Amino acid sequence: MPDIGHDEILVKVHATSVNPLDIKLAAGEFRPILPYRVPFILGHDLAGVVEQVGASVSRFKTGDAVFGRPRDGHIGTFAEFIAVNEADVAPKPINLTMEEAASIPLVGLTAWQVLVERANVKAGQKVLIHAGSGGFGTIAIQLAKHLGAEVATTTGPANQVLVKSLGADVAVNYRAEHFETKLTGYDVVINTQDKATLEKSVGVLKPGGHLISISGPPDADFAKNKGLNPVLRLVMCTLSSGIRRKAKRHNVHYAFHFMHASGEQLGKLKPLLENATIRPVIDRTFPFAEIADAFNYVESGHAKGKVVISMV
Ligand SMILES: NC(=O)c1ccc[n+]([C@@H]2O[C@H](COP(=O)([O-])OP(=O)(O)OC[C@H]3O[C@@H](n4cnc5c(N)ncnc54)[C@H](OP(=O)(O)O)[C@@H]3O)[C@@H](O)[C@H]2O)c1
C-alpha cells in the first residue's frame with residue numbers, strides 16, 4: 001500500500017488504459033527525459049475511488065470518484081492503489097463508467113494542450129489531425145470540432161466511417177491517397193506519425209500556420225521547459241534542426257509537445273464529456289491479468305480508440 005504525502009490522495013484504481021508511452025518506457029525509450037529507475041510500475045491513466053486523503057488535501061474526500069493522469073515521476077496506475085497529487089486529478093464525469101473515464105486523461109489532456117493551449121484553435125480554422133482513429137486522434141477530432149474547426153484526418157480504409165462519425169469533415173485514406181496533395185491552406189497540423197509524414201505536413205499549412213508534433217522530434221524549447229541540461233538541449237536542437245529549417249522556409253511554426261498532468265484541464269473536459277460533446281472511444285477492454293496482451297494490441301499500431309484495462 002503506497003504512503004501518501006500531505007498533498008496526495010490514495011486512489012483505488014478501478015480502471016486504467018495502455019498508452020504507446022507505456023510501451024516506449026518499457027522499451028527503455030525517453031530515459032534522458034523521464035529517468036525512471038527500474039523496477040517501477042507503468043501506467044498513466046486512472047479512474048477510481050479516493051480511499052484516503054493527505055493532511056492538506058482540500059478538493060477531495062474519501063469515497064469520491066476521480067479520473068486523472070499522475071504527473072511524470074509519479075506514474076504507476078497498473079496497480080490496485082496509487083498515491084496521486086490532488087492537482088493531477090478531477091472528479092470523474094458522472095455519466096461515464098470507470099472504464100470510459102480511464103480512457104480519457106492522457107489523450108484528452110494532450111488534445112486540450114495542443115489545440116487550446118498551443119494552437120489556440122478558433123472557429124472556422126482548418127485543422128489536420130493525423131491518425132484520427134487512434135487513442136489521441138478520436139478525442140482530438142471531437143475537441144477540434146467543438147472549437148469550431150474544419151477538421152481533416154488521416155486513417156486507414158477500415159476507419160473512414162469511425163472518423164466521420166466523430167465529426168471529421170475530410171478523411172484521407174493514408175493507404176491509397178496522399179494527404180499532401182489533397183489538403184491545402186491549413187492553420188494547424190497535429191503530427192502523430194513519422195518523420196516523412198511530419199515533413200510532408202509542412203506543405204499543407206498556410207503561411208503563419210502551426211505544425212505541432214507529439215511524436216517528435218523534440219526541440220530546444222521543450223528541453224528548456226523540462227529543465228534538461230545544456231548537452232540535451234543541444235541534442236534536441238540538432239534533432240529538430242531539419243524540420244525547423246523546413247518550417248522556416250515555408251513560413252510556418254514548428255513545436256514539439258509533450259503532455260503534462262493537469263487536474264484543472266481535466267475539470268474543463270469533464271462537462272464536455274458529460275454533455276456528450278466528446279465521447280470516449282474504446283476499442284477493447286482487457287482484464288488486468290491480460291495486460292501483456294493489451295500491450296501487444298496497442299503495439300500493433302492499429303487500435304481504434306483506446307485500449308482499457310479493468311482492475312476490479
Ligand atoms: N507527446 C505526447 O504528449 C503524446 C501524447 C499522446 C500520444 N503521443 C504519441 O502519439 C502517437 C499516437 O498515439 P495514439 O495513442 O493515438 O496511438 P494509437 O492509438 O496506437 O494509434 C493507432 C491508430 O493509428 C492509425 N495509424 C497507423 N498508422 C497510420 C498512418 N501512417 N497514418 C494515419 N493513421 C495511422 C491506425 O489506423 P489504421 O488501423 O487504419 O492504420 C490506428 O487507428 C504515438 O506515437 C504516441 O506515443 C504523444
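The values are calculated or read from the model by the stated rules, or taken from the named source; none is laboratory data. Computed from a predicted structure; not experimentally measured. A quick note on method: Cβ atoms are made from the backbone with ideal geometry, for glycine too, and the neighbour counts reach across all protein chains shown.
For region 117-148, which residues satisfy the criterion of being in a helix (DSSP H, G or I), of a type in the set (A, V, I, L, M, F, W, C) and within 14 Å of the ligand (Cβ to nearest atom)?
136, 139, 140, 141, 143 - these are the residues of region 117-148 that are in a helix (DSSP H, G or I), of a type in the set (A, V, I, L, M, F, W, C) and within 14 Å of the ligand (Cβ to nearest atom).
Per this entry, residue 42 is counted among residues that are surrounded by 19 or more Cβ atoms within 10 Å (Cβ to Cβ) and free of Cβ contacts under 8 Å to residues at least 60 places away in the same chain. When each of 73, 28 is tested for being within 16 Å of the ligand (Cβ to nearest atom), more than 24 Å from residue 297 (Cβ to Cβ), small (Gly, Ala, Ser) and free of Cβ contacts under 8 Å to residues at least 40 places away in the same chain, the lone residue that passes is 73. The set of residues from region 272-296 being in contact (Cβ under 8 Å) with a residue 60 or more places away in the chain, part of a helix (DSSP H, G or I) and either within 24 Å of residue 117 (Cβ to Cβ) or within 13 Å of the ligand (Cβ to nearest atom) (or both) comprises 272, 273, 274, 294, 295. If only residues of region 156-174 that are β-branched (Val, Ile, Thr) and surrounded by fewer than 24 Cβ atoms within 10 Å (Cβ to Cβ) are counted, the one that is nearest to the ligand (Cβ to nearest atom) is 172. Taking region 237-262 on its own, how many of its residues are under 21 Å from the mean Cα position of the chain (by Cα) and over 18 Å from residue 197 (Cβ atoms)? Residues that pass the stated criteria total 5. Would you check if residue 38 is of a type in the set (A, V, I, L, M, F, W, C), at negative phi and within 19 Å of the chain's Cα centre (by Cα)? For residue 38, the condition - of a type in the set (A, V, I, L, M, F, W, C), at negative phi and within 19 Å of the chain's Cα centre (by Cα) - is not met.
Looking at this structure, is residue 232 within 23 Å of the chain's Cα centre (by Cα) and not assigned by TED's automatic domain parsing to the domain that holds residue 32? Give the derivation first.
Values: within 23 Å of the chain's Cα centre (by Cα): no; not assigned by TED's automatic domain parsing to the domain that holds residue 32: yes.
Against the criterion (within 23 Å of the chain's Cα centre (by Cα) and not assigned by TED's automatic domain parsing to the domain that holds residue 32), residue 232 does not qualify.
Residues that are buried (at least 17 other Cβ atoms within 10 Å of the Cβ) and part of a loop (DSSP other than H, G, I, E, B) within region 297-311 comprise 303, 304, 311, listed in sequence order. Only residues that are of a type outside the set (Asp, Glu), under 17 Å from residue 259 (Cβ atoms) and surrounded by 11 or more Cβ atoms within 10 Å (Cβ to Cβ) were counted in region 45-75, giving 8. Residues in region 131-146 that are in contact with a Gly (Cβ under 6 Å, 6 or more places away or on another chain) and within 19 Å of residue 205 (Cα to Cα): 131, 141, 145. Note on region 205-223: residues that are within 20 Å of residue 143 (Cβ to Cβ), aliphatic (A, V, I, L, M) and more than 9 Å from the ligand (Cβ to nearest atom) amount to 3.
Can you name every one of the strands (runs of 3 or more DSSP E) wholly within region 149-222 that holds 3 or more residues which are closer than 20 Å to residue 301 by Cα?
Numbers: elements: 150-155, 170-173, 186-191, 205-213.
So the answer is 150-155, 170-173.
Checking each residue in region 147-177 for being in contact with a Gly (Cβ under 9 Å, 6 or more places away or on another chain) and of a type in the set (Val, Ile, Thr) picks out 151, 153, 154, 155, 163.
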